[in-house]
1. For segment 48-92, which residues satisfy the criterion of being in contact with a helix residue (DSSP H, G or I) (Cβ under 6 Å, 6 or more places away or on another chain) and modelled with pLDDT under 60?
2. Considering every residue within segment 124-132, establish whether at least one is polar (S, T, N, Q) and either at pLDDT below 90 or surrounded by fewer than 20 Cβ atoms within 10 Å (Cβ to Cβ) (or both).
3. Can you name the residue in segment 119-151 that is assigned to a strand (DSSP E or B) and without any contact (Cβ under 8 Å) to a residue 40 or more places away in the chain and, of all such residues, is nearest to ILE42 (Cα to Cα)?
4. Looking only at segment 278-308, which residues are surrounded by 19 or more Cβ atoms within 10 Å (Cβ to Cβ), at pLDDT 90 or above and either over 14 Å from ILE37 (Cα atoms) or among the β-branched types (Val, Ile, Thr) (or both)?
5. Take the residues in segment 101-117 that are polar (S, T, N, Q) and buried (at least 18 other Cβ atoms within 10 Å of the Cβ); name whichever of them is farthest from ARG23 (Cα to Cα).
6. Taking only pairs six or more apart or across chains, which ones have beta-carbon atoms under 6 Å, a first residue in segment 236-262 that is assigned by TED's automatic domain parsing to the domain that holds LEU198, and a second residue that is surrounded by 12 or more Cβ atoms within 10 Å (Cβ to Cβ) and assigned to a strand (DSSP E or B)?
7. For residues in segment 234-277 being among the β-branched types (Val, Ile, Thr) and touching a strand residue (DSSP E or B) at 6+ places or on another chain (Cβ under 6 Å), which is surrounded by the fewest Cβ atoms within 10 Å (Cβ to Cβ)?
8. Are any residues in segment 152-166 of a type in the set (Ser, Thr, Tyr) and assigned to a helix (DSSP H, G or I), and if so, which ones?
Amino acid sequence: MATVGTRHTPEDRSDALARARLRAALVPDLLIEARRIVSTVIAGWHGRRKRGIGETFWQFRPYVAGETLAKIDWRRSARDDHTYVRDMEWEAAHTVWLWADPSPSMLFKSRSATVSKESRALVLTLALAELLSRSGERIGYPGLLKPVAARNGAERLAMALASSHAMALPDRPQLDMVQRHSDVVLVSDFLDPPEETLAFLDSIAKRGTRMHLLEVADPAEEVFPYAGRTEFEDPETGVRLTAGRAENWGEAYKTIYHARREALRDYCRKLDWSYAVNRTDRLASEALVALHGRLTGQPSTVPARGAA
């Protein structure tokens, strides 16, 4: 997420347009990858299905003392010595807003990573859109796609991300249209100073929405593998800094890096929001399974079965 208040020169805008075009060109392949990941984890899932008011049959289950007799399925119960209740599926669609950070820092990819942070963020966003769309949820993307319930929700989102409108998206999501009780999923590296990110989150907390923060991290950002004379460049500002012995900076860097993460994690914990981390040298499906569990309100225990 880019620093708030950064002034953009015409050269900056030209670079941003080039990045947006590159991102748009990658989207079709990323959609294919997202669907491949979903196909490996979806076996055994029932999306966000739960008991409730609806017309679609879900399951038979044993009758529990105290329940109304009207729920008993006498025909099914007559087959054996048990009393069964017919559960219907809750059919009220929920709104989930998805957002993947488009800022320059997301382009980073070290030698230890298999993909850039941007690619991983987009794949996770599209994969989550695929899962939720199959469950009948309304999927939206701030400033780009209004919430809609459609089986092809991931494809619709991919087309929107590849459109010309996506090239002018800001580095922070515009959440003015998000209504109370919606879920918002932010996928980013969250490398801004924590006080800036927390101030932004404070403005969202007042809306009564439930937030899910998914940090995408490159392994080099966590372990700081640099040594000797090393030049670092800030992808947001272009400022360069040269270290004569980079290894001497490692401990101080890691202290600050992880303190930022813990500050955000603690903030989310207090509000009963979720905060998770997915490294780009790990499976994308790990984050997808965990986030799905938070969105459904239940821990997801289905193994990823080797998904990428």
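1. ARG48 - this is the single residue of segment 48-92 that is in contact with a helix residue (DSSP H, G or I) (Cβ under 6 Å, 6 or more places away or on another chain) and modelled with pLDDT under 60.
2. Within segment 124-132, none of the residues are polar (S, T, N, Q) and either at pLDDT below 90 or surrounded by fewer than 20 Cβ atoms within 10 Å (Cβ to Cβ) (or both).
3. VAL148
4. Across segment 278-308, the qualifying residues are ASN278, ARG279, THR280.
5. Just the residues of segment 101-117 that are polar (S, T, N, Q), to begin with: 103, 105, 110, 112, 114, 116.
Still in the running and buried (at least 18 other Cβ atoms within 10 Å of the Cβ): 103, 105, 116.
Working: SER103: 11, SER105: 14, SER116: 11 Å.
Result: SER105.
6. Once the first residue is assigned by TED's automatic domain parsing to the domain that holds LEU198 and sits in segment 236-262, its partners that are surrounded by 12 or more Cβ atoms within 10 Å (Cβ to Cβ) and assigned to a strand (DSSP E or B) give LEU241/PHE232; ALA243/THR230; ALA246/THR230; TRP249/ALA243.
7. THR242
8. The one that is of a type in the set (Ser, Thr, Tyr) and assigned to a helix (DSSP H, G or I): SER164.
The values are calculated or read from the model by the stated rules, or taken from the named source; none is laboratory data. Model, not experiment: these values are computed from the prediction. No Cβ is skipped: glycine too gets one built from the backbone with ideal geometry, and neighbour counts run over all protein chains shown.
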